[in-house]
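Undergrad: Here's a structure for you.
The values are calculated or read from the model by the stated rules, or taken from the named source; none is laboratory data. Bear in mind the structure is a predicted one, so any value in this text is a computation, not a measurement. Here the Cβ positions follow ideal geometry from the backbone for every residue, glycine too, while neighbour counts run over all protein chains shown. Accessible surface areas use protein heavy atoms only, side chains included; no ligands, DNA or RNA. Shrake-Rupley method; radii C 1.70, N 1.55, O 1.52, S 1.80 Å.
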Amino acid sequence: VQLQASGGGLVQAGGSLRLSCAASEIIFTRYTMGWYRQAPGMQREVVATITTGGRTNYADSVKGRFTISRDNAENTVYLQMSSLKPEDTAVYYCKADRVGLSFWGHGTQVTVSS
C-alpha cells in the first residue's frame, strides 16, 4: 500500500496550498481518508477526515479555512488550505482507515511564514 502525499511548501501567512494524497494498492472507496499534522515537539493531530460517503469532519482550528475532498476515480484525497497561519506549520500526513486496518503515508512539510 502506498499513500503518496504532495503539495507542501513554503507560503506566506494568508496564502493557500493544496495537498494531494494518491493511494495505490488499496480499494480506495472502502476507506475513510484523513489528513493529520504534526508540528515540532507536538503530538500528531487530526486536521480533517472524509468518509466513504463523503461526510467531512474538521478540527476546530481549521474550520472555514480548509476543505477536504476525494476523487474516487483518481484514488486521491485533497486538502485545500486557505488563509494559512504560522500555527499551521507542520508536517502533514494522509491516512487511510477502515475497521481494523489503517495506513499512513509519508508526510509533506507545510511552512507558513509570518
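Undergrad: Based on the Kirkwood radius over alpha-carbon pairs, what is the Stokes-Einstein translational diffusion coefficient of the range 1-43 at 10 °C with 1.306 mPa s viscosity, in µm²/s?
TA: Taking Rh from Cα pairs, D becomes 124 µm²/s.
Undergrad: Something else now. Rank these residues by their accessible area, most exposed first, probe 1.4 Å: Arg37, Arg30, Arg55.
TA: Arg55, Arg30, Arg37
Undergrad: Would you mind giving the average projected area, over all directions, of the Cα convex hull of the range 25-92 in nm² with one decimal?
TA: 5.1 nm²
Undergrad: Now for a separate question. How large is log10 I(q)/I(0) at q = 0.14, 0.16 Å⁻¹ when the Debye formula is applied to the Cα atoms of the chain, each weighted equally and without solvent?
TA: -0.50, -0.66
Undergrad: Let me ask something additional. Sequence-distant or interchain residues sharing an amide H contact under 5 Å with Gly9, placed H: which?
TA: So Gly9 has HN proximity to Val110, Thr111.
Undergrad: Run the numbers on the range 62-114 and let me know its relative contact order in percent, using alpha-carbon pairs under 8 Å that are six or more apart.
TA: Relative contact order comes out at 29 percent.
Undergrad: Short version: ³J(HN,Hα) in whole Hz for each residue of the range 95-100, in order, from phi by Karplus 6.51 cos²θ - 1.76 cosθ + 1.60 (θ = phi - 60°), x for Gly and Pro, what are they?
TA: 9, 10, 10, 8, 4, x
Undergrad: Using a simple charge model, +1 on the beta-carbon of Lys and Arg, -1 on the beta-carbon of Asp and Glu, nothing else, what dipole does the chain show about its Cα centre, in debye to the nearest 20?
TA: Rounded to the nearest 20 debye, it is 160 debye.
Undergrad: Given the convex hull over the Cα atoms of the range 53-111, what projected area results after averaging over all orientations, in nm²?
TA: Mean shadow area of the hull around the Cα atoms is 5.0 nm².
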